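Enquirer: One structure is given below, represented as structure tokens, and several questions about it will come after.
Derivation of every value follows stated rules applied to the coordinates shown; laboratory data play no part. Everything numeric here is computed off the predicted structure, so don't read it as measured data. Counting neighbours? That spans all protein chains shown, and the Cβs are built from the backbone with ideal geometry, glycine included.
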Amino acid sequence: MRHLRNTFTAFAIACLATPAFAGTTVKVTEGGEAGGAMTLTLDQSTVKAGETTFLVHNDAITEEHEMVLVKLKSAEQEIVVDAAKGRIDEKTLKSMGEVSELKPGSEGQLKAKLAPGSYALLCNIKGHYEAGMHAMLTVTE
């Protein structure tokens, strides 16, 4: 009986230590060098609502990058770049957080609780968005 109780206790502790819904992980790879095309790619473009961890890797050789997560009003929402600054005015968007200034070869992560809808992931370092550093993410029920 004692063995059975110890086994049950160990099982109960394991269940409490491991969340039933661990959430989703999205791998984000950033790449590109100054003067050329730049990329921000996701290993999946649709995820279920809830806790999401973004694992961001800067694959560039010399260029720093960042990843900003933005909740859009709709999938068609236009993101406007301030031509004079070569950047987006983040105050006009609903930012959910960011992984900033990743040095070449480094990694970072962002955790966010996502509701259903459309999201943009982008690099807002001067000129990077316009060079192609953005991707869309759809979050479903």
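Enquirer: How far apart, in nm, are two points set 7 Å out from the Cα along the Cα-to-Cβ line at VAL80 and at THR29?
Expert: According to this spin-label approximation, the distance is 3.5 nm.
Enquirer: Tell me the label-point distance for the pair THR140, LYS94, using the 7 Å Cα-to-Cβ offset, in nm and rounded to one decimal.
Expert: Computed distance between label sites THR140 and LYS94 equals 2.1 nm.
Enquirer: Got a sec? How would SER45, SER74 order by Cβ neighbour count within 10 Å, fewest to most?
Expert: Neighbour counts put them in this order, fewest first: SER74, SER45.
Enquirer: Okay, moving on. Work out, step by step, the length gained on full extension between SER106 and THR53: first 0.36 nm times the residue separation, then minus their alpha carbon distance; give nm to one decimal.
Expert: Between SER106 and THR53, full extension yields an extra 17.4 nm.
Enquirer: Classify segment 22-140 from the C-alpha gyration tensor, please: rounded if a/c falls under 1.5, else prolate or oblate depending on whether a/b exceeds b/c.
Expert: Judged from the Cα gyration tensor, segment 22-140 comes out oblate (a/c at least 1.5, b/c at or above a/b).
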